Every structure is written in structure tokens, then in C-alpha cells.
């Protein structure tokens, strides 16, 4: 049996990210927020967040937060300030209030107070995030683990997918780990490790700029490692309570080494990049998030690389879900004799926070 040990740097990143998932903290905050549903139900407690059409709310008598359908909320009151994100791309940091639509027509969501208030429609509000002083309380993300075993040939597969995002008013930082190990008790093994980090800064309500870093190791493609660093500019095309997608483009530099050639020097490549991010979600049921990036080479004419990932999550109970994951890495002209394509599909149990 071949033994594989993760690189020290990759292990450190994995441990650090796991620490983010497992760390929790509390923050002093008003707990007399009021939510009234359209069926008349009234709750008093604390607004946790709004995202993906779900208003998270916790009363003092609740063991855990509940998820409320944002479209069915009739009235909302709070004494705290929040970060408020609109479908237009505008971001506000202010107080908020939701009044019954019959009182003020369709613009029933109030941002700010007195002479500085702004009114928008409830469906235009896609995210609400409370101000938190502690770093860990501002994280959101998910962690998935999958395992399979076949007794006939002693084949086993494990996969870990973990993602976390930290947001400020105009900035977002997202880290993702995707690690796959496949092997046999008395046979060979195959490893695929990928770590990616994205930074986005909102320049205008529609436009953003940022950068990306990606580390990839793939035994399937005889790739010992590839490090990619790039800058990009993007535009939000659509953002609603159920759909969000954007396009982006830029330039990237990569350094790669293939394990199939002993003593091969590192190769440096300059690529253009063009990509698409897409997220779809339905209240209390499913969520689909996909990313597709093309890297046309500027240093090797005719070479085209492609990276694609897609995750579908189906809710099981509370924050637990059943996950389906697809990844693909394609290289039209690898510099050595190696597989051009690395494609995988897996299932897992996951937890979202």
C-alpha cells in the first residue's frame, strides 16, 4: 500500500480552515427584535442574518436559530445596525425596519431613520448581516465529507470539501479546500488536492475587482503541483433572492511541475482568464453553486486550460444537507505525456453555518 502524506503547507491550511469552522463566539446585541409573519405569528428575539431568502432568527426560548421564509415576513423591527445588501448591488450600513406593505405601497423596507431614510421593496433586499466585533462570528460557509468502500477489490475513496467566506462592507474573502484520496489496501493510490482563495472588492453596485490564488495537485494528470495567481475585473449580471451570477476576466501567472518527468524544471505560464459564477437556491430545499474558468495560454499558442466545479446541496434537517459535487480540470495541450482531463463526481454529508 502506498502511503501519502499531505505537504506541510497544505496540512496547515486544512487545520486552519477546520479551526474556523469549529470556532464559535458570542456577541452582545439587542435581543428584542420583533418579527411578525403574514399569518400573524409574532417572535421576539435576535435577528441573526438574511441570506438565500432565509431570515435566521433566535428567541431566548429557542435552543437553535430558526429559518423563516423572507417572502412571508410581514413586519420587522430592530434597534441594531446592519449591513444591508440590495439586488442593485448597493450596500448600506444602517438601521432597518420592515412595515406592512399596505401602509406605504410596495416600498415597505426602510433603511435608516428620519430624514435620512431610504425605502426599497422587500424583494430587493438579498442579504442582512449584523455588525459583529469578533472575526469568527462573521464567517459563513460549509464543510462536506464523503466516504465509500468496495469490499470486492478493497477500493476506498474519501473526499473533504470545505468553504468559508468572510465579508466586510465592500470586501469578501473566500477560501476553499477540495481534497480527494482514492486507493486500495494492496494496490496503488491516487490523490487530488486543491486549495483556492478569492478576494473581491465592490467598486460600484455592479462592478468589482479582485484576485485569485489556486494550488492544484492531481495524480490523474501527473501534475505534481500548479500554483496560479491572477487579477480580475468582474460584473454582477443578476442578483435576486433566488439567483446570483456574475462574469469576470483578467490575467494570471502559473508555475507548474509534472511528476511524470524526473528533474523537470518548473514551468512559468502567462494566461488570460475568463469565468462565470452562478448560484441558485430555493428556500429550505436546495442550493446550487457553480464556477467555470477558462485559461487561454498567452505563452503557449493553442493551449487552453479549463477549471469547473459545481456543488448541489439538498437539505436533510436544520443545517445538515446531502451534497453532490462535480469537478473537472481540462488541459488541451499538457507539456508532458499526461491525461488531458481530470473529471470526478462525489456525494457527501455536509454542514452549513
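The numbers here are math on the coordinates, done by the rules we state, and not lab data. Source: prediction; values computed, not measured. Please note: Cβ atoms are built from the backbone with ideal geometry, for glycine as well, and neighbour counts cover all protein chains shown.
Which of 207, 70 comes first, and how do the rest follow, when ranked by fewest Cβ neighbours within 10 Å? Mind dumping the intermediate values first?
Working: 207 14, 70 21.
The fewest-first ordering by Cβ neighbours comes to 207, 70.
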Given labels modelled 7 Å from the Cα in the Cβ direction, how far is it in nm from residue 101 to residue 34?
2.2
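Between residue 204 and residue 149, how high is the FRET efficiency from 1/(1 + (r/R0)^6) when r is the Cβ-Cβ distance and R₀ = 51 Å? Nearest 0.05. Write down the numbers at each step before the final one.
Numbers: r = 51 Å, r/R0 = 1.00.
The calculated FRET efficiency here is 0.50.
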Once residue 224 and residue 251 are pulled to full extension, the length gained, defined as 0.36 nm per residue separation minus their Cα-Cα distance, is 7.4 nm
Quick check: pseudo-label points 7 Å beyond the Cα along Cα→Cβ at residue 61 and residue 282, how many nm apart are they?
3.3
Note to self, the chain gives a 222 nm [θ] from helices alone (DSSP H runs n ≥ 4, -39500 (n - 2.57) apiece, / all residues, nearest 500) of -1500 deg cm²/dmol
Read-out mean projected area of the Cα convex hull in nm², derived from the coordinates shown; its label in (1) 20.2; (2) 17.7; (3) 18.9
(1)
By how many degrees, 0 to 90 and rounded to 10, does the Cα axis of helix 8-22 deviate from the longest principal axis of the chain?
20
Calculate the length of the line joining the C-alpha centroid of region 288-316 to that of region 218-263, in whole Å.
7
Extension gain (nm, one decimal) between residue 169 and residue 345, 0.36 nm per residue minus Cα-Cα
59.8 nm
GNM top mover of 274, 71, 63 - the chain, alpha-carbon springs below 10 Å:
63
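How much length would be gained if the chain were fully extended between residue 292 and residue 80, taking 0.36 nm per residue of separation minus their Cα-Cα distance, in nm to one decimal? Before the final figure, lay out the partial values.
Values: separation 212, 0.36 × 212 = 76.32 nm, distance 3.86 nm.
Result for the pair: 72.5 nm of gain on full extension.
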Förster radius 51 Å - calculated FRET efficiency between residue 190 and residue 44, Cβ distance, rounded to 0.05:
0.40
Residue 119-residue 328 pseudo-label distance in nm [points 7 Å out on the Cα-to-Cβ vector]
5.0
Suppose we keep just the DSSP beta bridges with both residues in the chain; what percent of those would be antiparallel, to 5?
100
